[in-house]
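The values are calculated or read from the model by the stated rules, or taken from the named source; none is laboratory data. This is a predicted model, so every value here is computed, not measured. With ideal geometry, Cβ positions are generated from the backbone for all residues, glycine too; neighbour counts draw on all protein chains shown.
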Amino acid sequence: MITGGAGFIGSAVVRRLIETTDHDVLVVDKLTYAGNLESLAPVSADPRFHFARADVADAAAMRKLFAEFSPDIVMHLAAESHVDRSIDGPGEFIQTNVVGTFVLLQAALELWRTLSADRKAAFRFHHISTDEVFGSLGPTGCFTEQTAYQPNSPYSASKAGSDHLVRAWHHTYGLPTVMTNCSNNYGPYHFPEKLIPLTIINALEGKRLPVYGNGENVRDWLHVDDHAEALLLVARDGLVGDSYNIGGHNEHTNISVVRAICRIVDELAPDAAIGPREKLIEFVVDRPGHDLRYAIDATKIARELGWKPRHSFETGLRQTVQWYVDNCEWWKRVRSGAYRGERLGIAI
């Protein structure tokens, strides 16, 4: 069972599961603005693919799905995930990320208690979280699995709350859980409100390229396909009750990322009428409470499970830009809906 399976990271996990394993997969997704069934089109015709439109905070719906599908592994990716949106409307983040996780844990616990001894031992509840729960780093150092939590936005606070619930359900009730905290993802099928897809699409359309503050905030970038591979590895082989940090070892300032995208778009989709895309860069008022730097120490997952990212940022970014160039109909349909690239998260 993959919650949030029509989202950016969730759909990458589902595609990989159907394409590389023999698992039956149930996608559970509310199909909010960021959920897109087109992201599942490559595998949706497979007989092992199943879909249920449901809200993870709906306890009756979750109990019913758990009873009917009886999953061996739950991968919980459903979440409100955009910091700017959490500033504008924190209530939805508490409802989905905190209440939704509680509801899922209760439904999973109810099922787990009824399983045979063998299935009980094999069962896993894999909670997917973010490095943002750890707060902000200075110029040096990295987040490890032992880093203290210090969330600074409504989004990261809601994810921190859900992490604590998962840990508590393992220690209190014995539910077999594993948890991962990842750095910033990028890649194909990314909803165009985040930095990389928004910059690519705006550059292709000749629109302004907004950069918060002075653009010196640093993020560690992880290709979504590398992340999906790591998630499946943890779900299968991760130590029960443990957590794993997943990062791409690719630290870059926001402004350097935007400039790199400009160069690649100029090369892959030159447009004389638009000219060099760097001229479109516009520095805007910074996000409230904008964390300076995130960086993941992914030593543990490399040492214990043998995972390392396959993509360098340079090759991954070029591949991503090429995907958006080749799939303009996908993002044009997305943009015709609830989100059109407007600025979010500026008022408290």
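The single condition from (1) within 22 Å of VAL321 (Cα to Cα); (2) outside any strand (DSSP E or B); (3) among the polar types (S, T, N, Q) that ASN185 fails is (2). Does SER136 satisfy the condition of being modelled with pLDDT under 95, within 19 Å of ASP29 (Cβ to Cβ) and in a loop (DSSP other than H, G, I, E, B)? When the stated conditions are applied, SER136 does not pass them.
Suppose we filter segment 113-155 for residues that are crowded, with 21+ Cβ neighbours inside 10 Å and among the hydrophobic types (A, V, I, L, M, F, W, C); how many remain? Qualifying residue count for the region: 6.
Filtered by the rule that a residue be under 30 Å from LYS30 (Cβ atoms), among the hydroxyl-bearing types (Ser, Thr, Tyr) and outside any strand (DSSP E or B), segment 100-133 gives THR101, THR114. For segment 115-126, state whether one or more residues are without any contact (Cβ under 8 Å) to a residue 60 or more places away in the chain, under 21 Å from the mean Cα position of the chain (by Cα) and within 26 Å of GLY10 (Cα to Cα). Checked segment 115-126: at least one residue is without any contact (Cβ under 8 Å) to a residue 60 or more places away in the chain, under 21 Å from the mean Cα position of the chain (by Cα) and within 26 Å of GLY10 (Cα to Cα). Across segment 188-221, which residue is farthest from SER336 (Cα to Cα) among those that are assigned to a loop (DSSP other than H, G, I, E, B) and of a type in the set (D, E, K, R)? Result: GLU216. Restricted to helices (runs of 4 or more DSSP H) entirely inside segment 242-345, those with at least 3 residues that are modelled with pLDDT of 95 or more and more than 19 Å from the chain's Cα centre (by Cα) are 254-268, 299-305, 313-326. Comparison of GLY91, GLY161, GLY100 shows that the only residue that is surrounded by fewer than 23 Cβ atoms within 10 Å (Cβ to Cβ) and out of contact with any helix residue (DSSP H, G or I) (no Cβ under 7 Å at 6 or more places or on another chain) is GLY91. Report every pair of residues separated by at least 6 positions or lying on different chains whose Cβ atoms are under 7 Å apart, first residue within segment 230-258 and within 15 Å of GLY306 (Cβ to Cβ), second assigned to a helix (DSSP H, G or I) and of a type in the set (Gly, Ala, Ser). Pairs that qualify, where the first residue is within 15 Å of GLY306 (Cβ to Cβ) and the partner is assigned to a helix (DSSP H, G or I) and of a type in the set (Gly, Ala, Ser), are ILE246/ALA230.
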